[in-house]
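Asker: Mind looking over this structure? Questions follow.
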């Protein structure tokens with residue numbers, strides 16, 4: 001496979017034709033790699049000035065390779081055979097893709113669901129080492145996971161300072177306290193934002209400790225860095241960014257489909273990068289991860305969609321019949337990590353937004369914190385109950401009326417709010433994603449039913465991804481939230497809340513922020529998860 005290939009067809013090719021030469025003429029690529037903070041306008045300058053070091057990580061991250069190799073040898077000598085990662089968003093999605101593509105096991109604990117966290121902590125604790133990753137050092141999910149692992153190690157008679165590695169920005173509260181407590185701390189580059197951090201310590205430490213050849217990953221990125229920095233029409237980063245963000249009128253649904261790429265789960269990483277970077281100020285790009293099954297014909301051919309085919313060979317032509325806008329992308333993993341970061345920066349420029357902030361992610365966090373102070377506010381009375389499913393709404397944008405008495409009626413009422421030309425459905429599930437992975441299949445069934453794009457996100461991880469687009473992007477979505485009563489709650493050591501309380505507040509806070517923006521939200525709470533999930537599958541897949 002060659003290092004990189006980007007091929008655009010239809011409306012995507014027209015966008016490349018329209019924007020490529022102006023981007024070359026203004027020297028966008030070379031200025032980006034020179035870390036020119038003025039590229040996105042005066043309002044973005046202060047943020048971008050401290051967020052562009054990712055353009056040189058193929059060089060600056062090299063010292064980590066030997067340090068991580070030595071630490072892996074040390075942990076292996078202590079009997080470690082399993083690496084778990086506590087982190088959210090950019091701190092977890094890149095290592096997940098890197099390890100899966102290399103065929104290396106990594107347990108990603110990116111949840112506050114009690115059942116999922118408990119099962120991850122209990123499995124082979126004696127052979128486990130844990131990487132705790134938080135850029136700010138204050139991410140509540142990650143801090144809670146850290147506390148639970150520490151308690152578990154102590155209860156098992158294992159010194160947690162010998163099993164837990166902290167990755168955080170220098171000077172964060174977690175950095176200072178962890179060093180004082182005797183933990184191994186590896187600092188990440190503070191001038192790289194979380195979603196651009198794949199080739200920083202956040203991506204490399206857990207991947208390297210799990211057994212990935214991270215030196216080779218950096219080599220792949222370095223091989224294409226000069227190409228991506230060139231002010232040349234052949235620059236694949238400029239071409240991809242123009243194809244994604246430069247269509248006119250804007251095709252804001254990016255249908256990410258697997259056409260033979262050997263990179264496992266890449267679309268999930270790209271989803272976060274693109275959605276959180278661009279979904280703001282009423283515009284943005286919504287990635288719709290459809291996997292190898294592809295999108296329905298109606299969605300792939302929609303006037304507001306571009307199909308992005310992730311291929312395994314640059315000689316492999318993706319089928320474009322009936323698809324009016326398409327981009328085919330191939331390349332090695334390290335090369336594509338840098339490619340898509342460049343393309344997202346380009347798309348941000350064309351959309352006229354700051355691709356380095358995430359204002360609505362913070363709004364959901366603030367709402368959750370307020371609900372944590374008054375946990376009873378996280379649960380509003382059910383409008384109706386159907387079997388094991390309690391039916392609720394958030395705000396006044398969705399009026400169920402008599403439909404609240406049945407699950408199918410409530411779902412039908414939500415779908416009636418869907419804009420048939422520009423709308424999308426977001427399914428947001430706050431359950432154990434490892435135990436219920438098959439539930440993601442409702443995405444395709446629901447898409448086939450309505451003929452519009454459907455995204456599927458596991459909460460709370462999607463809050464650091466498409467959650468930004470949901471609230472900051474255009475008002476075209478309808479939102480289906482699924483929560484459940486955990487099998488057994490988990491207390492958070494040193495805190496006055498449990499994981500069950502916390503995840504309920506996160507779900508309620510997200511719904512509240514959406515409702516405050518006038519966006520329709522249907523909430524389904526499963527009092528019995530097994531029975532309730534069967535009902536939900538039937539209701540969403542019903543023709």
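Values quoted throughout were computed directly from the atomic coordinates according to the rules given, and no laboratory measurement underlies them. Predicted model, so just to flag it, every value in this text is computed and none were measured. Here the Cβ positions follow ideal geometry from the backbone for every residue, glycine too, while neighbour counts run over all protein chains shown.
Asker: Please sort 186-196, 379-389 by packing, taking for each peptide the average over its residues of neighbouring beta carbons within 10 angstrom, highest first.
Answerer: Working: 186-196: 22.8, 379-389: 16.2.
Ranking the peptides 186-196, 379-389 by packing returns 186-196, 379-389.
Asker: If packing is taken as the average count of other Cβ atoms within 10 Å, what order do 197-209, 434-446 fall into, highest mean first?
Answerer: Listed from highest to lowest mean packing, they are 197-209, 434-446.
Asker: Let me ask another. Take every Cα pair under 8 Å in segment 61-217 that's 6+ residues apart, average their separations, divide by the length, and report that relative contact order as a whole percent.
Answerer: Working: 273 pairs, mean separation 50.6, N = 157.
This gives 32 percent for segment 61-217.
Asker: Return the calculated 222 nm mean residue ellipticity for the chain, to the nearest 500 deg cm²/dmol, obtained by summing -39500 (n - 2.57) across DSSP H runs with n ≥ 4 and dividing by the residue count.
Answerer: That calculation yields -13000 deg cm²/dmol at 222 nm.
Asker: With each label point set 7 Å from Cα along the Cα-Cβ vector, what nm distance links residue 488 and residue 216?
Answerer: A separation of 4.1 nm, rounded to one decimal place.
Asker: I've got another one for you. Could you tell me the distance between the Cα centroids of segment 501-543 and segment 373-448, to the nearest Å?
Answerer: 5
Asker: Once a ≥ b ≥ c are taken as the square roots of the eigenvalues of the Cα gyration tensor of segment 61-217, is the result rounded (a/c under 1.5), prolate (a/b larger than b/c) or oblate (a/b not larger than b/c)?
Answerer: Rounded.
Asker: Calculate the length of the line joining the C-alpha centroid of segment 1-67 to that of segment 157-203, in whole Å.
Answerer: The two parts, judged by their Cα centres, are 27 Å apart.
Asker: If you look at just the Cα atoms of the chain, how large are its Rg and its Dmax in Å?
Answerer: 22.5, 64
Asker: Kindly rank 265-277, 31-43, 56-68 from highest to lowest mean number of other beta carbons found within 10 Å of each residue.
Answerer: On the way: 265-277: 25.0, 31-43: 15.2, 56-68: 17.3.
In descending order of packing, they fall as 265-277, 56-68, 31-43.
Asker: Please rank 183, 430, fewest neighbouring Cβ atoms within 10 Å first, as an exposure proxy.
Answerer: Neighbour counts put them in this order, fewest first: 183, 430.
Asker: Given the Cα atoms of segment 359-541, and with Rh set as the inverse mean 1/r over their pairs in the Kirkwood sense, what is Rg to Rh to two decimals?
Answerer: When Rh is taken as the Kirkwood radius, the ratio is 0.94.
Asker: Right, here's the next one. Calculate, for residue 516 and residue 76, the FRET efficiency according to 1/(1 + (r/R0)^6) with r their C-beta to C-beta distance and R0 51 Å; round to the nearest 0.05.
Answerer: After rounding to 0.05, the efficiency reads 0.50.
Asker: If you stretched the chain out fully between residue 156 and residue 67, how much longer would it get, using 0.36 nm times the residue separation minus the C-alpha to C-alpha distance? Let's see the in-between values first.
Answerer: Details: separation 89, 0.36 × 89 = 32.04 nm, distance 2.82 nm.
The residue 156-residue 67 span can extend by a further 29.2 nm.
Asker: Per q in 0.16, 0.20, 0.26 Å⁻¹, report the Debye log10 I(q)/I(0) for segment 221-286, using one uniform scatterer on each alpha carbon and no solvent.
Answerer: Cα-only, vacuum Debye calculation for segment 221-286: -0.70, -1.03, -1.20.
Asker: Does segment 25-97 come out rounded, prolate or oblate, given a ≥ b ≥ c as the square roots of the eigenvalues of its C-alpha gyration tensor, rounded meaning a/c under 1.5 and, failing that, prolate meaning a/b above b/c?
Answerer: Prolate.
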